[in-house]
Amino acid sequence: MLTMRERFMHVSGALLDERSNLAVVLADIGYGYFADAGVVARHPGRVLNVGIRQQLLVGFAAGLAMEGLRPIVHTYAPFLVERPFEQVKLDFGHQGLGAVFVSVGASYDAAAAGRTHQAPEDVALMSTLPGWRVHVPGHPDEVEAILRSTAAGTGLDYIRLAESVNPEAVPDGSGLTPIRRGSTRAVTVIAVGPSLGPVLEATADLDATVLYTSTVRPFDADGLRMFLAAPAVVLVEPYLAGTSSAEVSAALKDSPHRLPALGVARREHRHYGSRWEHDRAHGLDAAGIRGSVADFLASAARGR
Amino acid sequence: MPPSLRTYEGLPALMTLMTGDEKHGRASESTLDVLWVLYDRVLTVDPHAPDDPDRDRFLLSKGHGPMAYYAVLAAKGFIPLEALPTFGRYDSMLGQHPDRSLIAGVELSSGSLGHGLPIAVGVAAALDLKGRAGPRVFCLVGDAELDEGSNYEAMALAGRLQLGRLTVCVIDNRSATHGWPGGIDERFRLEGWSAATVDGRDHDAIVAALSAPHPDRPRVVVAEVERKG
């Protein structure tokens, strides 16, 4: 199976064949693939490499959008969201332009590369900007569906590619989709993107409703209200913990509820190694999620 | 609008209608002549067809002190005269930095420095990609604005892409804190640009510099004006 990133590149090349208004904009990273795959040769001028210039990557893409092109802007998450954040805010949102931003290096996918190549804050940052739809696919098939849909659109879309994938794709994860239904007393666990696999493993023998989404902005507030049984929600996001807590709270503002939020801790985690080791350190592997959910249920039972 | 206000000589009167941003008065005055020359003698733009795909694109990156810009746009029919006294008010179309969504004919919402040139490079590249022969792309920046590193990213790429439809006008009122040893024009030449330095108050010289052909490389025109206070 292709990785999410390989699928993104493969589909992007096909989309350039299909849609003359698309342009892929890169800052070195990823250019070699498009060249080796013959995409550059097929579309000279529509795979644009600005060099290692990430502010320009975004500003230049905005100029393309100003003239009616739909740029697909791609690089590592820290260099796509964090370094040029003011360009993202002003050159696109404030100018009223659209684009598809696609990042790799989700959270600590580049664990061995260290903190400079990690951006678990990306979704939180993008969520502060109006108008952006934020997609966190959990499977390469979802990447293709999201990419095709957003490429055909006109708005602002951020797609966050990850190394971790779920065993199966969820056909339409744009809203909250029930994967498993519990009883009327069940805790509701919201799994975002690649966290679905460990969430299902962690809750396999629990009375839990598991909801899945691959699109966290806009957040599916109606879906949460529709599927919620008991007033207990566990939010599991594969990036900064609590990124969507305010969205869940706003959705349930009229319902007293409890909400622990699992995700990447807000601390300088000075370790290399692998993403699995970092999952374990942040309590985002199945065992860690299981422990957090069990603790929450025990605490909730004592508080009843 | 009285015909006398549609002239260069009428611009100071139009500018006095806009109050509340006096701290940027000098910045606004520094751009006045280049802006007038652009709209009066260089740009192919029409206030009645602000989205004409064959128009020249003008991106004001130096968004501080836009009173001169608004005065020129009013004189040329892009902004109604009545809007000028509303400058800076809650419901006004005219803020202390321009907003492209509020004024037809304004290509760029600017204010934060260092954004216009990278976008202009993208606009020029897009027009090349689309094979649209006519439109030229002009971008106005300040010498102090060039302190922003994003400009160097854009300057380098524009030279490599040989964006012949792109012209950058630098208003040089020597306000860059650490100056430009060797000259601003030389910095651009190193990146493959055509370059000229002119008296930023000499209209004929500005026209000549902005109109000189540069088919295979971008061009910078450094317009020197009085030193900022």
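Data table
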{"item": "Tally of residues being among the hydrophobic types (A, V, I, L, M, F, W, C) and within 14 Å of chain B (Cβ to nearest Cβ) across the range A:80-135", "result": "6"}
{"item": "Flag if B:D147 is at pLDDT 95 or above and either touching a helix residue (DSSP H, G or I) at 6+ places or on another chain (Cβ under 9 Å) or within 9 Å of chain A (Cβ to nearest Cβ) (or both)", "result": "no"}
{"item": "Spans of helices (runs of 4 or more DSSP H) in the range B:54-167 with at least 3 residues in contact with a Gly (Cβ under 7 Å, 6 or more places away or on another chain)", "result": "B:116-129, B:150-161"}
{"item": "Subset of the range A:268-298 (residues that are farther than 19 Å from A:D207 by Cα and among the small types (G, A, S))", "result": "A:G273, A:S274, A:A281, A:G283"}
{"item": "Odd one out for A:G38 among (1) more than 19 Å from B:R160 (Cα to Cα); (2) out of contact with any Gly (no Cβ under 9 Å at 6 or more places or on another chain)", "result": "(2)"}
{"item": "Long-range neighbours under 7 Å by Cβ, at least six apart or interchain, first residue within 7 Å of chain A (Cβ to nearest Cβ) and under 17 Å from A:G93 (Cα atoms) within the range B:106-135, second assigned to a loop (DSSP other than H, G, I, E, B) and of a type in the set (A, V, I, L, M)", "result": "B:I119/B:L108"}
{"item": "Matching option when the condition is more than 9 Å from chain B (Cβ to nearest Cβ) and either of a type outside the set (S, T, N, Q) or touching a helix residue (DSSP H, G or I) at 6+ places or on another chain (Cβ under 7 Å) (or both), among A:R46, A:R42, A:R53", "result": "A:R42"}
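Every residue, every condition in (1) on the phi > 0 side of the Ramachandran plot; (2) buried (at least 22 other Cβ atoms within 10 Å of the Cβ); (3) of a type in the set (G, A, S), yes or no:
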residue: A:A208; (1), (2), (3): no, yes, yes
residue: A:T213; (1), (2), (3): no, yes, no
residue: A:G223; (1), (2), (3): no, no, yes
residue: A:M226; (1), (2), (3): no, no, no
residue: A:L235; (1), (2), (3): no, yes, no
residue: A:P238; (1), (2), (3): no, yes, no
residue: A:A241; (1), (2), (3): no, no, yes
residue: A:S244; (1), (2), (3): no, yes, yes
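Here's the yes/no breakdown for (1) assigned by TED's automatic domain parsing to the domain that holds A:V100; (2) part of a helix (DSSP H, G or I); (3) out of contact with any Gly (no Cβ under 9 Å at 6 or more places or on another chain); (4) surrounded by fewer than 24 Cβ atoms within 10 Å (Cβ to Cβ):
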{"site": "A:P130", "(1), (2), (3), (4)": "yes, no, no, yes"}
{"site": "A:E142", "(1), (2), (3), (4)": "yes, yes, no, no"}
{"site": "A:R148", "(1), (2), (3), (4)": "yes, yes, yes, yes"}
{"site": "A:T154", "(1), (2), (3), (4)": "yes, no, no, yes"}
{"site": "A:P167", "(1), (2), (3), (4)": "no, no, no, yes"}
{"site": "A:V170", "(1), (2), (3), (4)": "no, no, no, yes"}
{"site": "A:A191", "(1), (2), (3), (4)": "no, no, no, no"}
{"site": "A:G197", "(1), (2), (3), (4)": "no, yes, no, yes"}
{"site": "A:E201", "(1), (2), (3), (4)": "no, yes, yes, yes"}
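The values are calculated or read from the model by the stated rules, or taken from the named source; none is laboratory data. The structure presented is a predicted model; accordingly, all values stated were derived computationally and were not measured. As a convention, Cβ positions derive from the backbone with ideal geometry for all residues, glycine included, and neighbour counts pool all protein chains shown.
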